[in-house]
Every structure is written in structure tokens, then in C-alpha cells.
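Below is one structure, written out as C-alpha cells; the observations come after it.
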Amino acid sequence: MTQRIVIYGATGGIGSALARLLARSGTPLLLVGRDAARLGELARELEAPMVAGDVLDSGLHERVAAAVEGSSAGLVYAVGNLRLTPLARTEAEQMTADFQLHAVGAALAVKALQAALKSGDEAGSVVLCSSIAARSGFSNHVSVSMAKGALEGLTVALAAELAPKVRVNAVAPSLTRTPLAAGLTGNEKLAAGIAALHPLPRLGEAEDVAQAIAFLLSPRSSWISGQVLPVDGGRSNLRTKG
């Protein structure tokens, strides 16, 4: 029985970088995304099966569980958005939608695949995608910070509940050059200013985050669970200037 890594958000910047990275090593994949056309292009490129749909649709998760054929080596939830608004312009509907997308969607994905993740000879691995905004305060990040904070709470809760058969961790990137962040990274002056705030003074690349996720999926991290790994050029906890 082939054990696959399931990647939710496979057509996003980080998800597609991870898919290509794992495909180069011959890792069997199952690609999941909302945009069927873009997902189909990636699936053909990587010769991998796909399931298209909305992460808040329970039917999607049922189809994903059926597609892994009873066993999965890992699950990555690289789904999200980046809507930056101050509190005064952040409506309850936006907060609820962001919470649903980032946290509830992740929980539903793991719920659907927990039996498949537990069924292999080796421990299954789940990696969720958070943000340094969950722990570092940034203006205009009210909704996304709340949602990612919930995701990090979900990470430790699942790590406890699913141990020892399944490991659960998260990555927390700083600003990364992906289509999702194009509104910030597309402005060269703004991007350069943000890059300079990092002790390692550049913006992240999707490959940086993909490499960290690949590590957490692999047996090389077999004694790591319940952790949130910053992939952030040191920004979250280093201060190099007085």
C-alpha cells in the first residue's frame, strides 16, 4: 500500500514548493486545493493524484480520506490568506472566516485522516502552517494573528491527543515571497524595509519554508512533536541592534 503525503493548499506558494521538493525525492503525494484548474496543472507536472474542493466542505475531506486508500505517511495544511486590516475596519465576519479557514479547516483535515495517519508502521506526521504574527505583535494583523494563534493551540492539542502514533508540529514563517504576500513583497521599497528588520536580512522564500516542513515530515524529526518552528530569519526572537 502506497503511503502518501497529503498537501492541502498545494497550489499556493509554499504548498507548491513543498510538492516539487518532495516529488524530486520520489515521495508519493496527494495534492489538495480549491482551484481545480491550477491544481490539475500541478498534478500533471508532478504526475500526482489530486482532489479539488473547499476545506470547509466535509465532503472534500471524505474524498481525500478515500483517495489515500487507508494509509497516509503525512499531512500538510498550507492553507491560508493574508487580509491585513486595523481593528476599526475588521468586521466579525472577517474574523470568523479567517478562523474557519486557518484553524477549523486544519482540524477537519486531520480529523478525516487521523486513522490513515495512525495505520502505518512508522509514526505519521502532521505539519500545520502558522505565522510569526501569532506570537509577535504587528499592527493590522488582528484577524490573522487570532486565527494563527488558534492554529498553534490546535497544534499542541492534537500532538497530545494523537501521540504516540502521530506527530504534530507547525512552522511559523515571517514574510515570505509568495503570491499570497505579493501586496507587500511587490513593493520593492517596502519589501527592502521589511527585509532589513530581520537579523538575517532578507525575506523568506517558499523553498525555505518547504525545507523546514520536509524535515518535520521526515524520520529525521522523529522525536519532535507539539512544536512551532519559526522560519523567520530570526525576527521573532533576535534583536541585533540596541
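Scanning region 18-27 for residues that are outside any loop (DSSP other than H, G, I, E, B) and in contact with a Lys or Arg (Cβ under 9 Å, 6 or more places away or on another chain) turns up nothing.
For region 136-152, residues that are touching a helix residue (DSSP H, G or I) at 6+ places or on another chain (Cβ under 8 Å) and in contact (Cβ under 8 Å) with a residue 40 or more places away in the chain total 10. One residue stands out in region 1-17 among those that are under 19 Å from the mean Cα position of the chain (by Cα), β-branched (Val, Ile, Thr) and outside any helix (DSSP H, G or I): the one that is farthest from residue 123 (Cα to Cα), namely 11.
Within the group 210, 214, 191, which residue is in a helix (DSSP H, G or I) and surrounded by fewer than 18 Cβ atoms within 10 Å (Cβ to Cβ)? It is 191. Quick one: would you say residue 167 is of a type in the set (Lys, Arg), crowded, with 16+ Cβ neighbours inside 10 Å and at pLDDT 95 or above? For residue 167, the condition - of a type in the set (Lys, Arg), crowded, with 16+ Cβ neighbours inside 10 Å and at pLDDT 95 or above - is met. Pairs meeting the criteria (first residue in region 197-224 and under 23 Å from residue 9 (Cα atoms) and in contact (Cβ under 8 Å) with a residue 60 or more places away in the chain, second residue surrounded by 14 or more Cβ atoms within 10 Å (Cβ to Cβ) and of a type in the set (Gly, Ala, Ser), beta carbons under 7 Å, at least 6 apart or on different chains) are 206/13; 206/17; 207/17; 210/17; 216/125; 217/74; 217/125. Once region 71-114 is narrowed to residues that are assigned to a loop (DSSP other than H, G, I, E, B) and free of Cβ contacts under 8 Å to residues at least 60 places away in the same chain, the residue that is surrounded by the most Cβ atoms within 10 Å (Cβ to Cβ) is 90.
Residues that are closer than 22 Å to residue 130 by Cβ and either at pLDDT 90 or above or polar (S, T, N, Q) (or both) within region 173-195 comprise 173, 174, 175, 176, 177, 178, 179, 185, 191, 194, 195, listed in sequence order. Taking (1) modelled with pLDDT of 95 or more; (2) touching a helix residue (DSSP H, G or I) at 6+ places or on another chain (Cβ under 8 Å); (3) under 25 Å from residue 177 (Cβ atoms) in turn, residue 30 satisfies each apart from (3).
Scan (1) in a helix (DSSP H, G or I); (2) touching a residue at least 24 places away in the same chain (Cβ under 8 Å) for the single condition residue 44 breaks and write down its number. Status for residue 44: all satisfied but (2). Residues in region 115-137 that are of a type outside the set (Asp, Glu), under 19 Å from residue 217 (Cβ atoms) and in a loop (DSSP other than H, G, I, E, B): 119, 120, 123, 130.
The values are calculated or read from the model by the stated rules, or taken from the named source; none is laboratory data. Not measured: the values here are computed from a predicted model. Every residue, glycine as well, gets a Cβ built from its backbone with ideal geometry; the counts of neighbours run over all protein chains shown.
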